[in-house]
1. Quick check for you: with a 1.4 Å probe and neighbouring chains kept, what is the accessible area per residue of region 64-147, in Å²?
2. Can you give the Rg/Rh ratio of region 589-681, where Rg is from the C-alpha atoms and Rh is the Kirkwood radius?
3. Within the P(r) computed for region 506-589, what percentage of the Cα pairs occupies the region above 16 Å?
4. Which whole-Hz ³J(HN,Hα) couplings does region 19-36 yield from phi under the Karplus relation 6.51 cos²θ - 1.76 cosθ + 1.60, θ = phi - 60°, glycine and proline marked x?
5. Send over the Kirkwood Rh of region 463-548, from the inverse of the averaged 1/r over different Cα pairs, rounded to one decimal Å.
6. In the P(r) worked out for region 351-472, what percent of Cα pairs fall beyond 17 Å?
7. What is the distance in Å between the Cα centres of region 705-726 and region 778-813?
8. Probe of 1.4 angstrom, ligands and nucleic acids ignored: what's the accessible area per residue over region 703-774, in square angstrom?
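The values are calculated or read from the model by the stated rules, or taken from the named source; none is laboratory data. Worth saying up front: this structure is predicted, and the values here are computed from it rather than measured. Glycine gets a Cβ as well: all are built from the backbone with ideal geometry, and neighbour counts include every protein chain shown. Side chains are part of the model used for accessible areas, which takes the heavy atoms of the whole protein and leaves out ligands, DNA and RNA. Shrake-Rupley method; radii C 1.70, N 1.55, O 1.52, S 1.80 Å.
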Amino acid sequence: MTDKTPYIEVAVTLPVFNTYTYAVPEPMQEIIAPGKRVLVPFGKRKITGYVLGNAKNSDITGIKEIIEILDEIPLFPSSMIPFFKWLSDYYIHPLGEVIKEALPGGINLNECISVHITECGAQWLDQNKATTLENEILCFLSSDACRLTDLSKKLCREIPGSMISRMERNGLICRKREIQKPVTRQKTERYVACLPSRMPDITLSGPKQKILESASEYGKISVAELKKIVPTAASHIRKLEEDGLISVFDEPVYRDPFGESVSPDHPPKLTLDQQHVVSNVVKNLGNGFETFLLAGVTGSGKTEVYMHIAAEAIQKNLSVLVLVPEIALVSEIERRFRARFGECVAVLHSGLSAGERLDQWIRISNRQCPVVIGARSALFAPLTDIGLIVVDEEHDTSYKQESRFRYNARDMAIIRARLEGAIALLGSATPSIQSVHNITNKKFNELSLQNRVFLQDMPDIHVVDLRKHKDFRGTRRFITVDLHKAITETLDRKEQVLLFLNRRGFASYPVCAACGEAIKCRYCDITLTLHQKAGAYKCHLCGYSLPSTAACGNCGSTSIKRLGMGTEKIESTVKGLFPEARVARMDRDTVSQKGSLVKLLKGLRNHEIDILIGTQMVAKGHDFPNITLVGIICADLSLSFPDFRAGELTFQVLAQVAGRAGRGSRPGRVILQTYNPDHFSISAATEHDFMKFYNQEIAFRKAFKYPPFSRIIQLKISGRDREKTRDQTAEIGRMCDRLKKENTDFQQWIDILGPIEAPLSKVANRYRWQVLVKSESVDLLHRFVRSLIFENGLHLSGSPVKVAVDVDPFFMM
């Protein structure tokens with residue numbers, strides 16, 4: 001931007017696709033800059049907007065002025081603005097909401113409507129002239145005003161909008177528009193510093209003299225630290241400040257998101273394979289955009305490769321972004337990077353508190369941290385001069401966000417690298433079909449690590465056919481004789497065991513013994529899962545729960561058969577079978593509290609755990625050198641999903657979890673239990689043969705024109721009223737058919753699948769339908785959906801039926 005500009009382009013935090021031009025008052029023109037937030041008038045409201053740059057001078061009269069500039073320095077660099085615009089265009093999502101999703105939460109100023117009692121209302125309350133509900137509202141408002149949207153929640157009852165309007169017309173209440181303060185702010189701490197020019201010639205009394213000496217010794221000292229030296233410091237500080245002997249001021253402090261400190265490490269000598277990979281990437285650092293796919297077997301040392309390349313990037317004054325698929329992996333890779341690079345490492349993920357996330361964001365913005373590690377949201381870290389973006393476990397579906405702004409962090413990491421002229425390095429032991437296909441199309445450069453670091457053999461995998469155990473009763477149906485024997489032998493050798501089942505809870509299918517009705521969620525089309533420790537049946541989609549003592553909703557019987565299994569049942573069974581073993585469980589239920597995951601991983605490293613039971617989070621990237629046995633309780637759970645990727649997901653999770661065995665000095669083995677031993681996904685995982693799986697899977701995808709041979713956009717339609725949702729879905733289907741018939745290109749290249757009811761037809765009390773739009777042409781696919789929205793009146797946020805656009809969808813349920 002120029003030093004002074006009268007007009008700026010602003011994206012507002014509302015679901016609107018346009019950007020808007022605002023005038024900048026002259027006193028603000030010198031400090032306005034791209035990346036800063038501004039408070040702007042929008043209709044009758046005042047909302048937060050993001051400055052994108054200069055707007056063209058306009059002859060249009062009546063351009064509104066910004067109200068306030070909210071930031072001293074930009075929250076994001078101007079180099080990210082083309083990236084935000086690309087995201088908005090590709091994912092067909094409003095630009096302001098894209099930027100809002102990228103920034104730390106809770107920092108924006110927005111206007112809200114609050115309800116206040118009037119003098120007339122107070123008189124009616126005293127004279128008891130109002131109705132019972134009106135009296136209840138007036139009584140509540142007499143103590144304090146309330147946001148209109150919160151009134152029903154505060155009173156724990158539904159309040160009709162017509163009643164609020166009537167009370168307002170009668171002068172009992174009034175509405176006021178107020179600026180809602182940001183929830184998240186920088187943390188500050190009070191400091192004391194001496195003013196040497198005003199130091200007294202005489203010695204003061206004990207505590208005051210000690211305060212001056214301490215402040216003089218340290219230059220400045222926080223009041224909290226000062227109280228440790230002089231417990232009564234608070235009572236003397238104000239007097240010393242009034243006498244002009246000290247200054248008292250606030251300074252920002254960072255909330256530390258890290259756990260325990262780590263000891264520095266030294267780079268180990270790389271294997272020849274690792275050296276080859278590093279040299280191939282490093283020679284391209286700083287020389288423009290390239291994408292590399294590193295396919296390395298489990299235990300081949302991919303993380304060490306990342307760190308060596310990162311070190312080279314830092315030496316060239318380039319910054320590094322490292323993405324991992326889940327928060328569970330951040331702590332481990334962050335420890336390794338901090339041990340190597342020290343305090344120049346920042347972390348960004350949703351597991352941080354809002355304040356910690358803001359502090360990390362500011363550190364990165366201030367260029368104090370050239371290395372950023374995080375889960376998918378770290379994609380938006382405000383880095384400049386990016387040289388390397390690493391996407392570890394690039395195959396993982398957790399990189400796709402499934403709500404609000406539905407983006408794929410893996411794909412967008414490549415786009416950001418392209419826009420920044422950086423290297424994108426994708427790594428995985430089980431690369432995605434899409435990425436391997438991109439190698440065959442010469443879009444990606446291929447790198448490989450075929451051997452483990454210490455040349456350990458891949459674990460031997462023994463398949464147990466569960467069809468032969470279907471007549472067994474009790475625990476022998478899922479802890480087979482082979483698995484029981486292997487666990488016993490492993491524990492006798494003082495080694496560790498990992499048991500994998502990708503389903504949490506105790507019983508996944510509770511059913512009434514009297515009438516046969518399943519215990520279902522009140523708000524979703526799904527069976528509740530019994531969580532025995534919590535004493536509740538829980539819905540894994542919306543969070544609805546019933547006490548474990550609840551009776552059948554159909555017949556009232558209290559006799560409930562607890563069928564099915566989850567990690568909690570496996571934990572209970574294993575503790576009964578191996579009472580001397582130290583057993584732990586790693587799933588969303590056990591690691592939800594802050595610090596619990598770090599504590600569990602530390603216990604595993606220190607061999608305080610003999611048997612670890614977990615869901616897919618144990619399969620991702622963790623290095624457990626003393627685990628020599630992996631038991632896969634049931635390998636088939638994901639095969640039955642109504643999703644063309646079901647085979648790929650099954651192969652990946654089996655290969656990944658099997659790779660946790662034998663990573664140390666002792667050989668590993670895997671007991672894989674399955675009802676489908678002949679399925680090609682399972683046989684390929686058993687043989688550690690990715691190309692066998694790929695060749696069969698890619699032929700299936702090509703035959704049915706599934707990705708990567710086409711692209712898909714999913715229209716997700718949902719509403720609380722079953723009939724209105726169905727009728728609106730039918731209208732969308734007719735709209736799609738009309739649009740296709742009107743254009744010959746659409747007729748030739750666009751396929752419309754649906755409308756059809758979603759496999760999970762009801763979630764969180766919303767009835768769900770979907771339309772899949774498929775095409776081999778990305779441009780035509782986007783043209784078709786954009787035409788639906790912008791030219792044919794498809795309303796995305798209408799009430800009561802909402803339509804969400806999901807580009808490149810993963811979750812088809």
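1. Per residue, region 64-147 has 45 Å² of solvent-accessible surface.
2. 1.00
3. When every Cα pair of region 506-589 is considered, 53 percent fall beyond 16 Å.
4. Result, rounded to whole Hz: 9, 10, 9, 10, 8, 10, x, 3, x, 9, 5, 7, 10, 6, 7, x, x, 8.
5. For region 463-548, the Kirkwood estimate is 15.5 Å.
6. Details: 5070 of 7381 pairs.
Here the tail beyond 17 Å accounts for 69 percent of pairs.
7. Answer, in whole Å: 8.
8. Here the residues of region 703-774 average 52 Å² of exposed surface.
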